[in-house]
1. Before we move on, is residue 222 over 29 Å from residue 292 (Cα atoms), polar (S, T, N, Q) and exposed (fewer than 12 other Cβ atoms within 10 Å of the Cβ)?
2. Determine, yes or no, whether residue 255 is free of Cβ contacts under 8 Å to residues at least 12 places away in the same chain and closer than 30 Å to residue 218 by Cβ.
3. Just one of 67, 3, 51 is under 23 Å from residue 184 (Cα atoms) and either outside the structural domain of residue 150 (by the TED database) or at pLDDT 55 or above (or both); which is it?
4. For region 261-279, what are the residues that are in a loop (DSSP other than H, G, I, E, B), under 18 Å from residue 300 (Cα atoms) and either hydrophobic (A, V, I, L, M, F, W, C) or under 26 Å from the mean Cα position of the chain (by Cα) (or both)?
5. What are the residue pairs meeting all of these: first residue in region 164-183, first residue open to solvent by 70 Å² or more (accessible area, probe 1.4 Å), second residue outside any helix (DSSP H, G or I) and not hydroxyl-bearing (Ser, Thr, Tyr), Cβ atoms under 6 Å, and 6 or more apart or on different chains?
6. Take residue 134 and decide whether it is assigned to a helix (DSSP H, G or I), without any contact (Cβ under 8 Å) to a residue 40 or more places away in the chain and buried (at least 16 other Cβ atoms within 10 Å of the Cβ).
7. In region 279-311, how many are at pLDDT below 85 and either in contact with a strand residue (DSSP E or B) (Cβ under 6 Å, 6 or more places away or on another chain) or buried (at least 18 other Cβ atoms within 10 Å of the Cβ) (or both)?
8. In the set 192, 214, which member is under 34 Å from the mean Cα position of the chain (by Cα), assigned to a helix (DSSP H, G or I) and either in the same structural domain as residue 136 (by the TED database) or loosely packed, with under 11 Cβ neighbours inside 10 Å (or both)?
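The values are calculated or read from the model by the stated rules, or taken from the named source; none is laboratory data. Everything numeric in this text was worked out from a predicted model, so none of it was measured. Note that we place each Cβ from the backbone using ideal geometry, even for glycine, and neighbour counts take in every protein chain shown. For the accessible areas, the whole protein counts, side chains as well, though only heavy atoms, and no ligand, DNA or RNA atoms are used. Shrake-Rupley method; radii C 1.70, N 1.55, O 1.52, S 1.80 Å.
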Amino acid sequence: MAALIAENFRFLSLFFKSKDVMIFNGLVALGTVGSEELFSVVAFNCPCSPARNYIYGLAAIGVPALALFLIGVIWNNHTWNLVAECHKRGVKNFSAAATFLLFGSIMGRAAVAPVTWSVISLLRGEAYICALSEFVRPSSLDKFPAEYGVDVLARFPCKDVPANLTKFRDEVTRRLRYESQLFGWLLIGIVAVLVFLTKCLKHCCSPLSYRQEAYWAQYRSNEDKLFRRTAEVHSRILAAKNVKQFFGFVALDKEEKELVQEFPVEGVQPSPQWNAITGVYIYRENKGFPLYSRLHKWAKGVEGNGPSPEAHEMLFLAS
């Protein structure tokens, strides 16, 4: 029984490691749902005024979505790798397909939160009702009093209407909520189809086998973890040496003393080395052997970034 439980935990661990991007996107979506609910309860307050409802309703959906999209772009490592690539080497070595894959990866990941926000806003319907209530044609409402106009329709989301208009308010609210939720479900369907087609296209166009692609993903994850961990230790030891040289001593705890003794740091890496391992990387091979990252390429001593007979671009972007 214990062996079975251990095997199940091992399977779950491997599953989550292989699905880190999917889990991250899921967490982003859940966080966005919670934020949207909190915003609707605490912050959303329709002005119920002609010409203001439309602007406020669209802003309640669009402005947070835009902010979430920009945050997603900023948090994506590919964005800053692209900036470094353009600054140091330019994009002359990129093919059209590689450029499309790069921007598609950045935009796709950044779109998770804003799409989720827009879907939840549409399914709830408050912002849509607020924005479009004043545009409902009175003639479409059976026996709507002729003496009332846009001003009354704009107050429908706030329920601040005469008693004889209650049934019309309920009808308008029901109609607009139906439209809003319909658009929300359509958006979910469109996004689901796009994600499915994108995954199919990615696997069909990939030059790698399924197992090698999984290995590549594991390598990138392990390299990033080890690089960050080693960089943190290296910078701490280097800082300790410099502080000691300035003050004559350095106050280290037990763990830091062990690190300084175990990993002697003689100097720092020159800028050309940092530039060589920084930037966008697209899968390449050298004499038939894969190069899984810029660090891997630097360690193997492969020069240049563009395609050549010995190091050719495979048009496959690290996701």
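1. Against the criterion (over 29 Å from residue 292 (Cα atoms), polar (S, T, N, Q) and exposed (fewer than 12 other Cβ atoms within 10 Å of the Cβ)), residue 222 does not qualify.
2. Yes; evaluated as a whole, the condition is true for this residue.
3. On inspection, the qualifying residue turns out to be 67.
4. Result: 277, 278, 279.
5. 177/125
6. On the way: assigned to a helix (DSSP H, G or I): yes; without any contact (Cβ under 8 Å) to a residue 40 or more places away in the chain: no; buried (at least 16 other Cβ atoms within 10 Å of the Cβ): yes.
When the stated conditions are applied, residue 134 does not pass them.
7. 12
8. Being under 34 Å from the mean Cα position of the chain (by Cα), assigned to a helix (DSSP H, G or I) and either in the same structural domain as residue 136 (by the TED database) or loosely packed, with under 11 Cβ neighbours inside 10 Å (or both) holds for just one of 192, 214, which is 192.
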